[in-house]
Amino acid sequence: MNRIQQKIQEDKKLLSIYFTAGYPNLNDTVTIIEDLEKNGVDLIEIGLPFSDPLADGPTIQDSSTKALKNGMTTETLFNQLKDIRKTVNIPLIIMGYFNPMLQYGVEAFCKKCAEIGIDGLIIPDLPVDVYHEEYKAIFDTYGLINVFLITPQTSDDRIRFIDSISNGFIYMVSSASVTGSQSGFGDEQKAYFKRIADMQLKNPQIVGFGINNNDTFAQATSYAQGAIIGSAFIKHLTEKGTNQIEKFVKTIR
Amino acid sequence: MNYNVNEKGYYGEFGGAFIPEMLYPNVEELRQNYLKVMAEPSFQQEFNQLLKDYVGRPSPLYFAKRLSEKYNTKIYLKREDLNHTGAHKINNTIGQILMAKRLGKTRIIAETGAGQHGVATATVCALMGLECIVYMGEIDIARQAPNVARMKMLGASVIPAKSGSRTLKDATNEAIRDWINNPVNTHYIIGSAIGPHPYPDMVTRFQSVISEEIKSQLKEHEGRENPDYVVACIGGGSNAAGTYYHFLHEEDVNIIAVEAAGHGVDSGESAATSILGKEGVIHGCKTLLMQTNDGQITEPYSISAGLDYPGVGPMHAHLCKTGRAEFMAITDDDAMNAGLELCKLEGIIPAIESSHALAIFEQKPFKPDDVVVVSLSGRGDKDLQNYIDYFKI
């Protein structure tokens, strides 16, 4: 069983953290992963930086630009991660835009992920239907879980379809926005969380976008099995560097 | 060979809709409705009426006598520069604003490079009384100041795109982010034949009035509908798509696409996508794209803001890959000289984008009886400062 599938069977609220590989410094990747695991984080999303991150707000855009300037590439990331399974057991997901994967070769990319011990991928601009028709067989061959997004505007039918082809969790985008653009949840979002919870999907949901502290984490996980923090963690790394990760995690739960 | 979009939104291997889930409902709504809406008689009537009375169509097909004499061939100019707002862009924005209204949208966003599409969008928003937000690269704002002022006078908010190369590509990113943040009330008027399906096809159809008119006008001039060549400059490729559309499947018509070589194709400062690009995904479609080996999109360069884009529309990628169109690359210098030549020979100051298409006559010989139709996509008023600086006028 894939590490993501094992993790979601645990009876706990999951904290997932996103960071951009190569930020703040090119070679921080392994240290950040080890520290996040040590401090009790449940899942890690490793951002493969892209020049044109359409779905991201300024914080993650800036970290991506910096990471690319630092010299991060797909090959560099794979090299940094080649021995990662000797030191950590936490589920690892690579999150990135489709074009760098397309250039690496989707099959070669998936093969490399499997060799390293990556458990899943999140590719915001690879649509569900294209994945289903063209790439699902490759992901299955290499035992990779592909995580799909749903939003408050996603229809029930489409959510059911996404649920039917997911085999890990569903990434529930909390509101119509790019990353890092708001905080706190209003009635509209709570109604949306409840609507999804009531659908009794086979895959658990993990909420992302707009989670930045203890309060928003608690609210999100009162409806869903977990929550993802991205921009708030990047801001922490920008301000405090990589040696106070414990402090950050403790402010969340 | 089919050069039009197929039912899945592809031109050969190019096209599709590579969009984040957040945009799916908007794009899907458009995909399901665009052909239906465009086919409605009331839509057709309103669209054609506005093109006639407001834009000033049909735009003339002008036989450029002195230019033809110089190059010893028959050159016709399709005068999109004479449209209201000064370029072909208005054909598409009229169509899309009518589409947006029928879909119940109240807020319009757009990206712009040279500012022509931004002005054309601000214009139709003023005409229809809709809120208008235009994203424009910070560098383009500096080099296209008159168009920025026009947009503001027309009531639009112009928001600078400050990321990346701060040009058209980045303005497009910002517009897409805006659409993600405003998924219900907003329509995104894409100005070029790019973006997720159905945009390339929808924009092409609205621009196809250009080639429709060329056919009937050429019939009057030459007694035949088909020229030997149709020529247009290509950034994303909306004027080109409209200029080619009704000739795509006419085998006796040669298609020439003119890209911006910037300081030279091999200079590292160029926007010649057909030579420098390879298959990739940008702004929601799979197309030819300038990028690093690692799949990072590279920053293009051209003196012309409207051609300063690292990709081409998926239809053009298909025309390139299949060999249906001949692609040529024209440097800044050659384009500027061709622009000035048109001023002196014909009394027409062209947009620098269009000057690229005019520059092919120095490079490619045509026969004396060849009929060559060049899309003069825009007028040069907006580029006056660039011409002044370049020629030290």
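The values are calculated or read from the model by the stated rules, or taken from the named source; none is laboratory data. Values in this document were obtained by computation on a predicted structure and should not be read as measured data. Ideal geometry is used to build each Cβ from the backbone, glycine not excepted, and the neighbour counts take in all protein chains shown. Side chains included, ligands, DNA and RNA excluded: accessible areas come from the protein's heavy atoms. Shrake-Rupley method; radii C 1.70, N 1.55, O 1.52, S 1.80 Å.
Looking across the range A:164-198 at every residue that is exposed (fewer than 13 other Cβ atoms within 10 Å of the Cβ) and modelled with pLDDT of 95 or more, the one that is farthest from A:Thr20 (Cα to Cα) is identified as A:Asp198.
Based on this model, can you work out whether B:Ser163 counts as of a type in the set (S, T, N, Q), more than 14 Å from the chain's Cα centre (by Cα) and more than 14 Å from every other protein chain (Cβ to nearest Cβ)?
On the way: of a type in the set (S, T, N, Q): yes; more than 14 Å from the chain's Cα centre (by Cα): yes; more than 14 Å from every other protein chain (Cβ to nearest Cβ): no.
Taking the combined requirement at face value, the residue does not satisfy it.
For the range A:142-160, residues that are within 18 Å of A:Ile123 (Cα to Cα) and either in contact with a strand residue (DSSP E or B) (Cβ under 7 Å, 6 or more places away or on another chain) or without any contact (Cβ under 8 Å) to a residue 60 or more places away in the chain (or both) total 12. Is it the case that B:Lys162 is open to solvent by 40 Å² or more (accessible area, probe 1.4 Å), closer than 23 Å to A:Phe50 by Cβ and in the same structural domain as B:Met136 (by TED's automatic domain parsing)? Yes.
Filtering the range B:259-297 to residues that are out of contact with any strand residue (DSSP E or B) (no Cβ under 6 Å at 6 or more places or on another chain) and under 23 Å from B:Pro20 (Cα atoms) leaves B:Lys278, B:Glu279, B:Val281, B:His283, B:Gly284, B:Leu288, B:Met290, B:Thr292, B:Asp294, B:Gly295, B:Gln296. Elements of the type helices (runs of 4 or more DSSP H) sitting completely within the range A:11-104 and holding at least 1 residues that are open to solvent by 10 Å² or more (accessible area, probe 1.4 Å) and under 20 Å from B:Glu174 (Cβ atoms): these cover A:58-69. Being away from chain B (no Cβ under 14 Å), part of a strand (DSSP E or B) and crowded, with 23+ Cβ neighbours inside 10 Å is true of A:Leu121.
State whether the residues of the range B:172-186 include one that is part of a loop (DSSP other than H, G, I, E, B), within 21 Å of B:Gln385 (Cα to Cα) and either more than 18 Å from the chain's Cα centre (by Cα) or at pLDDT 95 or above (or both). The answer is no, given that none of the residues of the range B:172-186 is part of a loop (DSSP other than H, G, I, E, B), within 21 Å of B:Gln385 (Cα to Cα) and either more than 18 Å from the chain's Cα centre (by Cα) or at pLDDT 95 or above (or both). Does at least one position in the range B:264-280 carry a residue that is over 24 Å from B:Ser377 (Cα atoms), at pLDDT 95 or above, in a strand (DSSP E or B) and open to solvent by less than 10 Å² (accessible area, probe 1.4 Å)? Checked the range B:264-280: at least one residue is over 24 Å from B:Ser377 (Cα atoms), at pLDDT 95 or above, in a strand (DSSP E or B) and open to solvent by less than 10 Å² (accessible area, probe 1.4 Å).
When B:Glu250, B:Glu299 are checked against the criterion of being in the same structural domain as B:Lys364 (by TED's automatic domain parsing), charged (D, E, K, R) and either surrounded by 21 or more Cβ atoms within 10 Å (Cβ to Cβ) or closer than 21 Å to A:Thr65 by Cβ (or both), a single residue qualifies: B:Glu299.
Tally time: how many residues in the range B:28-57 are in contact with a Gly (Cβ under 8 Å, 6 or more places away or on another chain) and closer than 30 Å to A:Gln153 by Cα?
2
Does B:Tyr10 satisfy the condition of being surrounded by fewer than 21 Cβ atoms within 10 Å (Cβ to Cβ) and in contact with a helix residue (DSSP H, G or I) (Cβ under 8 Å, 6 or more places away or on another chain)? Spelling it out, B:Tyr10 is indeed surrounded by fewer than 21 Cβ atoms within 10 Å (Cβ to Cβ) and in contact with a helix residue (DSSP H, G or I) (Cβ under 8 Å, 6 or more places away or on another chain). If you check B:Gln116, B:Gln144 for being at pLDDT below 95, open to solvent by 10 Å² or more (accessible area, probe 1.4 Å) and away from chain A (no Cβ under 14 Å), only one passes: B:Gln116.
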